[in-house]
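The structure appears below as structure tokens.
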Amino acid sequence: MDEIAKDVVRRFDRLQTKRRNYENAWQEIRELVLPHHSDFQRKMPIGDIRSTAIFDGTAVDAAEELANEITTNTTSASDRWFSLEVTDDTEGLNQNADVISWLEAVADAIYTQYSHPASKFYQTVYEANQELVGFGTSIINQEWVDGHLLFRAFPLADCYLDQNSKNQIDTVYRFLKYDSRQLIQEFPDSPLPEDVYEDKDGVKMWEVIHGVYPREYGFNESSRGKPFASCWVLKQKGITLKESGYNSMPYHVARWTTLTGEVYGRGPAIKCLPDIRMLNRMEYTIIKAAQKRTDPALFALNDGYLGPIKTAPGSINFIESMDALPRVVDVAGDLPFAEDKSEQKRQAIRRSFYGDWVKWNQKTERQSAYEVSELVDQQLRKMGGIVGRLQGETHGPLIERSYELMMERQKFPPAPPMLEGREIKIVYVSAAARAQMGTKLASMNRWLQNIIPLAQSKPEIMDIINASGWANAAARYTGVPRGVINSPDQMQQIQADRDQQAQLQQIAGAAEPTSKAIKNLAEAQQMGNIAL
């Protein structure tokens, strides 16, 4: 075993041990909430039915709906959910027409990549959000492949994480299995053992570890200079198959919430796992009780029948005496009471998965569209913590890496000279982000409503309002694209044109009496000549 492979395997084993305590709960969530995701402990055969432990689908539906709502309200495929601005803009560059045009062009180029069918961006985000809601942690990988960005959601079951002193995920180890043919295809130039080439039918399975970690933890010449090292190791043989490096972390890890000192997140499913477990057991019992009532057991005399009792429709039972007719077993139990208790558990589970948010997103006959929007915004504001965490821990690094990969390949137009050395920041304008900023706009509107009555007696008080600043702030808080808002230079030009037009009208108004007098004099002279 070479030294690099030895180090990778050693750290992988350590991370595997650290994660083991989470896997019991994750496996149960996989079976009861996310039946179509990867196993952590009990590996089911390929193609096998994976929902046999589920007797009530409330948690499955609630998790799917929440994942869909998070995806729609943070990374919508039909709406802009981020824009770009200059950081620390003391010179007003964010109001410059050339700067605005370039920033919009860069954002559009990134959106174009995300919308490209081959990038699988929105599909990947939704799959990752399902694991985030269920397991509390999800992993997205981003690479540049065949001329475009490529996103993939890797199962948490295959990934092992570690974080730095700032609680940032900076290490991801991924465990994969290849058959011999796949291994040759994936690593054609690597020093594979003879066993791989001799396995013509691809019967053997090979364990491969991909480790991405900060360079200071181990690297060689091929990855020197890159902040993150990347090593592929064939575990059974202790061989380094491939090594390289990254300028930025290619894995984007999302965590719902974390406890102090813990690496992995905890999602809504962990919170209500006891209720999910109990509801499935209750439903199993109710189903058995319903079966007993609809197909009850029978009492029959031991010697009253010539053969076994037949209960199928149209069956004929031969008996020696009418007194030997079987009697139905009276099944005790209060099914309505049991259903009420089950419904209580369902409501508790839906609340844990923010079911009220999903419900309010559906308009009723007595609600206006504005009322529904306000209710949804209230729920989104309640989710400010997770939205902020997604933006800071996942969406921000994801967009920054997209920018880096596209900039390296010159996918953006040349930047204006005034942006040289300037830092660009991400501004989130998704529905969830607008809901958080909506409180600022509401405060502005309340303040305005308070001073309007004063303006009736003191009109000069309205001079305190900077109308342009107000309009710009309102546009920002409601997510209006900056391209539809005039810059200060454009507004100044519009005002100059308006002033010029007013001056021309004033000159024309002043010249009108003179022109009329000249016309009248000419007419008088003409009449005098005719009289002569």
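The values are calculated or read from the model by the stated rules, or taken from the named source; none is laboratory data. Keep in mind that what you see is a predicted model, and the values were worked out from it rather than measured. Counting neighbours? That spans all protein chains shown, and the Cβs are built from the backbone with ideal geometry, glycine included. All accessible areas refer to the heavy atoms of the entire protein, side chains included, with ligands and DNA or RNA removed. Shrake-Rupley method; radii C 1.70, N 1.55, O 1.52, S 1.80 Å.
Okay, here's what the table says:
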quantity: Failed item in (1) over 17 Å from Tyr22 (Cβ atoms); (2) of a type in the set (Lys, Arg); (3) surrounded by 15 or more Cβ atoms within 10 Å (Cβ to Cβ), with Lys177 passing the rest; calculated: (3)
quantity: Residue, farthest from Ile399 (Cα to Cα), within segment 68-94, restricted to residues that are open to solvent by 30 Å² or more (accessible area, probe 1.4 Å) and part of a helix (DSSP H, G or I); calculated: Asn68
quantity: Checking Arg181 against (1) in a helix (DSSP H, G or I); (2) touching a Phe, Trp or Tyr at 6+ places or on another chain (Cβ under 9 Å), the condition it does not meet; calculated: (2)
quantity: Inter-residue pairs, beta-carbon under 8 Å, first under 18 Å from Glu104 (Cβ atoms) and in segment 71-90, second part of a strand (DSSP E or B) and open to solvent by 70 Å² or more (accessible area, probe 1.4 Å), 6+ apart; calculated: Leu84/Lys425; Glu85/Lys425; Val86/Lys425; Thr87/Lys425
quantity: First in segment 192-207 and without any contact (Cβ under 8 Å) to a residue 60 or more places away in the chain, second anywhere and β-branched (Val, Ile, Thr) and open to solvent by less than 100 Å² (accessible area, probe 1.4 Å), Cβ under 9 Å, 6 or more apart; calculated: Leu192/Ile184; Leu192/Ile239; Pro193/Ile239; Val196/Ile184; Tyr197/Ile184; Lys204/Val196; Trp206/Val196
quantity: Residue within segment 348-360 that is at pLDDT below 65, open to solvent by 60 Å² or more (accessible area, probe 1.4 Å) and not hydrophobic (A, V, I, L, M, F, W, C) present; calculated: yes
quantity: Single match in Arg422, Arg434, Arg446 (criterion: surrounded by 14 or more Cβ atoms within 10 Å (Cβ to Cβ) and either at pLDDT below 85 or over 36 Å from the mean Cα position of the chain (by Cα) (or both)); calculated: Arg434
